[in-house]
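First up is the structure itself, then whatever we jot down about it.
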Amino acid sequence: MEILTTNHQPLTTKPGGRIKFALAYPNFYRVGMSNLGIHIIYELLNANKNISCERFFLSEGKELLSVETHTPLNKFQVVGFAVSFEPDYFNVVKMLTLGKIKIRASERTDFDPIIIAGGCCATFNPAPLAEIFDAFVIGEGEVILPPLMNEIISSENLPRLERLKKLSQVAGVYVPAFPKKVSRQWVKNLDDFPAHSTIVTDDAEFNMYLIETARGCGRHCRFCMAGYCFRKPRNRSLDVLKKEILDAKKFGKKIGLMGAAISDYPQIDELCKFILGEKLQMSVASFRADSVTEELVKSLAAGGLKTLTIAPEVGSEKMRRVINKGLTEENIFAAVELGLKAGIKNFRLYFMVGLPFENFSDVEEIARLSLRIKKFCGGRLTLSVNPFVPKPFTPFQWAAFAEKKYLESALKILRGSLKSTGGVEIISESIRSAQVQAILSRGDEKISEIILQSETAQDFRKNFKAAGLDEKFYLRERSLEENLPWDFLDQGFDKKYLIDEFNRAKNLKSTPPCFDGCKRCGVCEVI
Ligand code: SF4
Ligand code: SF4
């Protein structure tokens with residue numbers, strides 16, 4: 001498919017595209033176009049001669065029309081949403097309303113579109129969206145969508161319920177009307193699906209040409225949804241990446257390397273040298289302080305980077321063991337030093353508060369570590385400190401979302417300890433919005449009813465209260481024996497593995513990264 005090079009350039013609907021597929025991102029154009037998943041699925045669907053796929057993004061209070069042909073949402077036979085962040089659930093409701101589509105799945109008839117959800121949130125916990133969506137893609141779209149679309153095409157003339165039953169038989173598809181155990185599906189070889197920008201636009205948060213270097217992360221950080229959702233590290237081969245970079249040259253954009261921990265890519269230095277050798281600039285989605293190299297930091301500096309972001313997450317040695325991130329203080333200072341050597345003086349540090357087994361002395365350690373880094377670097381220091389939100393299918397899925405009072409005090413400790421130091425800024429997400437996120441992330445089907453009445457987080461809080469639901473119930477610690485709303489999904493690792501990891505966190509025991517030949521969690525046996 002030809003790459004569209006100008007903003008919002010309409011794509012002529014392909015002749016013979018029997019099925020009109022609306023690919024919807026529940027946020028604004030700039031945000032959605034920075035999501036590589038949208039590019040991948042757009043290309044994949046339009047490569048099928050039977051499908052014509054057009055894009056939809058959130059538009060405030062206006063009629064919802066496709067970017068390509070300005071067709072209303074309800075004129076499409078299938079609407080697929082990419083749902084990667086819980087706060088976007090309300091935007092799904094908003095978009096369906098603006099698109100004049102019945103929000104409740106059970107009220108749709110044979111003449112209404114089939115509404116599908118994919119993305120991390122759909123893969124890990126469909127329950128809070130079960131009343132809205134007809135079907136969920138559990139796992140990676142590249143391998144699930146082709147058979148799903150074949151089934152959608154071949155069942156075109158069936159009544160809606162019979163059709164949905166057929167869809168529920170496709171591997172990796174969960175249909176709430178026909179509940180059953182569903183196994184997450186994986187892309188085995190990334191090289192089979194080159195992933196890069198397919199629409200090049202200046203109108204994106206990341207104004208770059210995006211290329212995915214790797215998927216999954218073998219570091220086993222116990223809080224991390226991305227780490228568990230994509231799990232087994234899979235690298236794209238260097239030759240494929242080089243070809244994608246050469247193809248990108250004609251657009252003259254900065255190359256944005258995407259992946260969970262870019263610095264873990266085995267040939268990262270060679271890749272950086274190649275990009276710079278082609279006279280291109282580069283940027284990365286994230287890197288780890290213990291695998292970042294001089295070459296990578298130099299390449300980022302050459303790409304105009306002025307602030308280096310490092311994610312220690314916690315401040316004390318105890319909490320480092322709890323979260324299993326595997327970063328030492330030496331790693332963190334070595335990364336700062338690499339930044340300074342490359343001429344980068346300003347740093348942004350990511351931390352969380354309210355993690356399981358944490359107390360105020362651990363929070364004080366965050367302040368101490370930050371002060372030492374500030375002294376060491378001399379430049380501006382920005383601390384991004386956010387409440388920890390427990391996520392399904394991670395070892396911390398049973399942990400409580402911390403009490404509001406505790407989080408307020410933790411932030412107060414940090415602000416108090418750092419206020420007399422110039423050049424240090426603390427930014428933090430509001431505790432209320434983190435609470436809503438925590439309710440949504442581990443929510444059940446009961447809150448689905450509340451979400452479909454809510455176009456904003458404020459609506460949700462109001463409707464949640466009016467329905468007599470209890471925040472404490474959703475934010476509480478869960479017992480290891482409790483049946484969780486997402487337990488019916490098979491992610492390739494069993495609950496016992498997560499329980500062991502939770503207990504290792506409690507006992508401050510580390511877990512080594514993935515390695516060749518490892519069979520620990522079971523995922524490598526199903527990929
Ligand atoms: S290194 Fe840890 S935090 Fe980063 S993506 Fe991997 S598992 Fe997540
Ligand atoms: S089986 Fe081992 S190598 Fe494979 S994903 Fe699980 S922990 Fe990682």
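Bear in mind that the values in this text are calculations on the coordinates, not laboratory data. None of these values were measured; they are calculated from a predicted model. Cβ sites come from the backbone with ideal geometry, for glycine too, and all protein chains shown count toward neighbours.
What does the extension gain come out to for Glu445 and Arg415, with contour length at 0.36 nm per residue minus their alpha carbon separation?
Length difference between fully extended and current span is 6.9 nm.
Which entries of Lys254/Lys298; Lys49/Lys253; Lys341/Lys374; Lys250/Lys341 have Cα-Cα distances beyond 21 Å here?
Correct reply: Lys49/Lys253; Lys250/Lys341.
Calculate the length of the line joining the C-alpha centroid of the stretch 303-332 to that of the stretch 347-363, in whole Å.
Each part reduced to its Cα centre gives a spacing of 11 Å.
Kindly identify the stretch 469-527 as rounded, prolate or oblate by the Cα gyration tensor criterion: order the square roots of the eigenvalues as a ≥ b ≥ c, call it rounded if a/c is under 1.5, otherwise compare a/b with b/c, prolate if a/b is larger, else oblate.
oblate
Suppose only helical runs count, i.e. DSSP H with n ≥ 4. What mean residue ellipticity at 222 nm does that imply for the chain under -39500 (n - 2.57) per run, divided by all residues and rounded to the nearest 500 deg cm²/dmol?
My calculation for the chain gives -10500 deg cm²/dmol from helical runs alone.
Below 8 Å, C-alpha to C-alpha, sequence gap of six or more: please give me the relative contact order for the chain in percent.
Averaging sequence separation for qualifying contacts and normalising by length gives 14 percent for the chain.
Taking the Cα centroid of the stretch 97-112 and of the stretch 466-527, what is the distance between the two, rounded to the nearest whole Å?
After rounding, the separation between the Cα centres reads 35 Å.
I'd like to know which of Ser448, Phe473, Thr511 lies farthest towards the positive end of the charge dipole of the stretch 440-527, counting +1 on Cβ of Lys and Arg and -1 on Cβ of Asp and Glu.
Thr511
Let me know the shape class of the stretch 51-109, please: from the alpha-carbon gyration tensor, a ≥ b ≥ c as square roots of the eigenvalues, rounded when a/c is under 1.5, otherwise prolate if a/b is greater than b/c, or oblate.
rounded
Let a ≥ b ≥ c be the square roots of the eigenvalues of the Cα gyration tensor of the stretch 373-527; is it rounded (a/c under 1.5), or, if not, prolate (a/b larger than b/c) or oblate?
It comes out oblate by the Cα gyration axes.
Mind ranking 189-195, 292-298 by how tightly packed they are, going by the mean number of other C-beta atoms within 10 angstrom, highest first?
292-298, 189-195
Give, rounded to the nearest 20 debye, the magnitude of the charge dipole that the stretch 19-183 has about its Cα centre when Lys and Arg contribute +1 at Cβ and Asp and Glu contribute -1 at Cβ.
Value, rounded to 20: 260 debye.
Estimate the FRET efficiency between Glu278 and Glu337 by the formula 1/(1 + (r/R0)^6), using the beta-carbon distance for r and 35 Å for R0, to the nearest 0.05.
Step by step, r from the Cβ atoms, then E = 0.80.
Semi-axes, largest first, in whole Å: what does sqrt of 5 times each Cα gyration tensor eigenvalue give for the chain?
Here the semi-axes work out to 36, 29, 22 Å.
Which of the helices in the chain meet the span-like rule: DSSP H, Cα axial reach of 24 Å or more, Kyte-Doolittle mean at least -1.0?
360-377
Have a look at Ile275, Met225, Ala204 and report the one farthest towards the positive end of the charge dipole of the stretch 177-296, computed about the Cα centre with Cβ charges (Lys/Arg +1, Asp/Glu -1).
Met225
What value does the stretch 19-183 have for Rg/Rh, both radii from Cα atoms and Rh as Kirkwood defines it?
When Rh is taken as the Kirkwood radius, the ratio is 0.91.
What three numbers, in Å, describe the spread of the alpha carbons of the stretch 156-233 along their principal axes, ordered from the longest?
The Cα atoms of the stretch 156-233 stretch 44, 35, 25 Å along their principal axes.
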